[in-house]
Amino acid sequence: MDTDLTIDLISAKCIRVESPISTRVSQHQIVSGTILKHEQKIRKIVSQIEILAEDGKFNEMDKFGKFALAADSVKDDANMKVPILLELVVGAYMQSKQILGDNLLEETEKLIPKTDFPSKHTSHMMFMRSALARKWKSYGEAHNAITQAIQASEVVAESRDKGQIFYNQAALFSQMYCMNRGMQYSVFQHISDLLKRSLDSYSHDPHGTCLTQRARTMTRFAMHLMDCWNSAEMTQPRDCIKSYMADHLKEAKYYLDYVEEKFWDEIPQRIKCYHHLAKSDYYYRLESKQRSLDFALDALNIATECNFTHEIQYANSNLYLKILR
């Protein structure tokens, strides 16, 4: 079933799915650059929620989110509320709060028909629904949601949203790929192509607000190239990519170095945690055990300090396996 679903996903961009919410805005209006009302203010609010979540300050994120939603300029404006609610879904995802995430998505879906750009928000909502379903390993639901996100994104011009859709497609493939050790190299390469498309989309963001997304995607790309995106147990690459490992390591190092040189002072703690995990695997591949352990410990320290539950488990597993070996 997983293999069939993966094949389905590769051709997902060709599947036409009726969006659950009607579109009231023409493709021409969006592509021509028509912007959402109060867009600049929305970006500032959403950016603040993102920073708090990525730094593990979830109580502050919740308080700020509630304050923003209750503000006079927001509470009766669906165009303002929907992006805020969707960013709070990301916080729920990071905290593994399934019920909270589902409730926020339900509230968002009710508001979307009242917005000026239903297709844009539908696309965003559906790739977040896909991410939540993927986290709970509901791959059929994740597949359907990302397909609907792709369909809705055909009238979305914004680079940030398209980049996130490509990233979430890659994440879904990768998680399924992790489960199927016999997957062909072509699937591995398809994930790489999606991550490249994600980076390309982010690089064309006219507002310059995708620094965090670029750093995350580059770090995850490096992990993917080393075959260690989803599981610390992947301390040895699968047979279908071993012959490519030298080239993959070189490319992985390029992305890791780029993040350190260009983004390090501005990226949040969660991405730094994953960057350290990636560096740990990089040095493990080079058989530099002490440096590998040092980076794994750095990742664990960040995860513990920020109370990143999933990342603590990941870092502990990573560290334990490398000590054993």
Find all pairs meeting these conditions: Cβ atoms under 6 angstrom apart; at least six residues apart or on different chains; first residue within the stretch 209-226 and aromatic (Phe, Trp, Tyr); second residue in a helix (DSSP H, G or I) and open to solvent by less than 10 Å² (accessible area, probe 1.4 Å). PHE221/LEU195
I need the full set of residues from the stretch 247-268 which are in contact (Cβ under 8 Å) with a residue 24 or more places away in the chain, assigned to a loop (DSSP other than H, G, I, E, B) and either open to solvent by 100 Å² or more (accessible area, probe 1.4 Å) or among the hydroxyl-bearing types (Ser, Thr, Tyr) (or both), in order please. GLU266
Residue, nearest to LYS272 (Cα to Cα), within the stretch 46-95, restricted to residues that are β-branched (Val, Ile, Thr) and within 19 Å of the chain's Cα centre (by Cα): ILE51
Is there any pair linking a residue in the stretch 190-206 that is more than 12 Å from HIS224 (Cα to Cα) to one that is in a helix (DSSP H, G or I) and aliphatic (A, V, I, L, M), with Cβ under 9 Å and at least six apart or on different chains, and which? ARG197/ALA170; SER198/ILE165; SER198/ALA170; LEU199/MET218; SER201/ILE165; TYR202/LEU211
Take GLU106 and decide whether it is more than 24 Å from GLN151 (Cβ to Cβ) and surrounded by fewer than 20 Cβ atoms within 10 Å (Cβ to Cβ). no
Selection over the stretch 248-262 where residues are among the aromatic types (Phe, Trp, Tyr) and under 17 Å from the mean Cα position of the chain (by Cα) yields a count of 1
Cβ contacts < 6 Å: first residue without any contact (Cβ under 8 Å) to a residue 60 or more places away in the chain, restricted to the stretch 285-310; second residue part of a helix (DSSP H, G or I) and among the acidic types (Asp, Glu), any location; separation 6+ or different chain. Result? ALA303/GLU311
Looking at the stretch 287-315, which of its residues are among the β-branched types (Val, Ile, Thr) and more than 19 Å from the chain's Cα centre (by Cα)? ILE302, THR304
The residue that is most open to solvent (accessible area, probe 1.4 Å), considering only those in the stretch 277-325 that are assigned to a loop (DSSP other than H, G, I, E, B) and closer than 30 Å to ALA92 by Cα, is ASN307
Looking for something open to solvent by less than 80 Å² (accessible area, probe 1.4 Å), modelled with pLDDT of 95 or more, farther than 22 Å from LEU211 by Cα and not hydrophobic (A, V, I, L, M, F, W, C) - is there at least one such residue anywhere in the stretch 62-69? yes
Using the structure shown, decide if ILE42 is touching a helix residue (DSSP H, G or I) at 6+ places or on another chain (Cβ under 8 Å), open to solvent by less than 20 Å² (accessible area, probe 1.4 Å) and either modelled with pLDDT of 95 or more or farther than 18 Å from ILE150 by Cα (or both). yes
For residues in the stretch 127-149 being hydrophobic (A, V, I, L, M, F, W, C), open to solvent by less than 10 Å² (accessible area, probe 1.4 Å) and closer than 16 Å to PHE166 by Cβ, which is nearest to the chain's Cα centre (by Cα)? ALA131
Can you spot a residue in the stretch 238-246 that is buried (at least 23 other Cβ atoms within 10 Å of the Cβ), modelled with pLDDT under 95 and part of a loop (DSSP other than H, G, I, E, B)? no
Please tell me if VAL155 is in a helix (DSSP H, G or I) and touching a residue at least 24 places away in the same chain (Cβ under 8 Å). no
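The values are calculated or read from the model by the stated rules, or taken from the named source; none is laboratory data. Remember, predicted model here, so these are calculated numbers, not experimental data. For neighbour counting, all protein chains shown are included, and Cβ atoms are generated from backbone atoms with ideal geometry for every residue, glycine included. In case anyone asks, the SASA skips ligands and DNA or RNA and just uses the protein heavy atoms, side chains included. Shrake-Rupley method; radii C 1.70, N 1.55, O 1.52, S 1.80 Å.
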